[in-house]
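Since the structure comes first, as structure tokens, the remarks are kept for the end.
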Amino acid sequence: MKEIALFPLNIVAFPGEAVNLHIFEPRYKALINDCLNQKATFGIPSYVLNKIDLGTEVEIVEVSKMYEDGRMDIKTKALKVFQVFDFWNPWGEREYAGGKIDHFDTDEGETDLSMLYQFKEMASRLFGWLGETDVPDVSTITSVFDIGHKIGFKPEEEYKLLHFSGENERIEYAIKHLEHLLPALERANNAQEKIKQNGHFKHLDPLKF
């Protein structure tokens, strides 16, 4: 376990993800400045279920812009999932929160390649239906984390992905989600096409009895 600064947010940050933040509150300006000076990481507990439990450790990659009043735009990279065992607000004499964390293993076991292929094929179908362009090349996907924000999960469902200790569990969960989502999209698309046809002259072949 170790103690780190904590910045609770109503988001879920996946390992490997780039997280861009606009820092404006005085206590969090102090947090970021301390991390920059100490070359330290900080944690983002995912406050999507109104509790402090799981989150993701991040490192500051770049300060993109510094404003005259001390506000800043920063780029960070999410590293590892952690569980919070103690939470202090404020953290000692600091203005911001901190806590005692332990990393949560999310890489147990080998990935089932057949399941991964099925997930990638279903994700490709989803993007085709949505006309989505701002996504990675599906052929390069190696984890549900790569596109976890792009496949229609609710925040609490994204949060559940942090609980799984292996990729196969995440893939199985994502496949079940897409098995429900894709047919709904297909039905919505068919209904939309029928609505468009209403009021138009129809060329129909007569029934033969």
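Amide hydrogen proximity for T111: with H placed 1.01 Å from N in the peptide plane, no residue at 5 or more positions away or on another chain lies under 5 Å. Roughly how many percent of the accessible protein surface of the chain is carbon and sulfur, given a 1.4 Å probe and a whole-percent answer? Answer for the chain is 50 percent, counting heavy atoms of protein chains only.
If you run the Gaussian network model on the chain, springs between alpha carbon atoms under 10 Å, then out of L36, L178, L116 the most flexible one is L36. Of all beta bridges that DSSP places with both ends in the chain, some 90 percent have antiparallel geometry. Against the chain, whose longest principal axis is taken from its Cα atoms, helix 113-130 shows a tilt of about 70°. Just H163, H180, H149 to compare: in a GNM of the chain, with alpha carbon springs under 10 Å, which one fluctuates most? Looking only at H163, H180, H149, the biggest GNM fluctuation is shown by H180.
Angle, helix 167-197 long axis vs. longest principal axis of the chain, Cα atoms, 0 to 90°, nearest 10? The angle comes out near 40 degrees. Mean residue ellipticity, 222 nm, helices only, the chain: the sum of -39500 (n - 2.57) across DSSP H runs of n ≥ 4, divided by residue count and rounded to 500, is -11000 deg cm²/dmol.
To the nearest ten degrees, helix 26-38 and the longest principal axis of the Cα atoms of the chain are 70 degrees apart. Listed by chain and number, the aspartates and glutamates whose alpha-carbon sits under 13 Å from that of K150, ignoring those within fewer than 8 places in the same chain, are E17, E132, D134, D137, E158.
Remark: the chain carries 61 Å² of accessible area per residue (probe radius 1.4 Å; ligands, DNA and RNA excluded). With loop defined by DSSP as not H, G, I, E or B, and exposure as at most 11 other Cβ atoms within 10 Å, which is the longest segment of the chain clear of exposed GluC sites (Glu not before Pro)? It works out to 111-209. Taking amide H as placed 1.01 Å from N in the peptide plane, the amide H of V61 sits under 5 Å from that of K75, T76, K77, each at least 5 places away or on another chain. Rounded, prolate or oblate for the chain? Axes are the square roots of the Cα gyration tensor eigenvalues, ordered a ≥ b ≥ c, and the cut-off for rounded is a/c under 1.5. Prolate shape, in that a/c is at least 1.5 and a/b is the bigger ratio.
The values are calculated or read from the model by the stated rules, or taken from the named source; none is laboratory data. Note that the structure is predicted; figures quoted are calculated from it, not measured. Heads up, the Cβs are rebuilt from the backbone with ideal geometry, glycines too, and the neighbour counts pull from every protein chain shown. Accessible surface areas use protein heavy atoms only, side chains included; no ligands, DNA or RNA. Shrake-Rupley method; radii C 1.70, N 1.55, O 1.52, S 1.80 Å.
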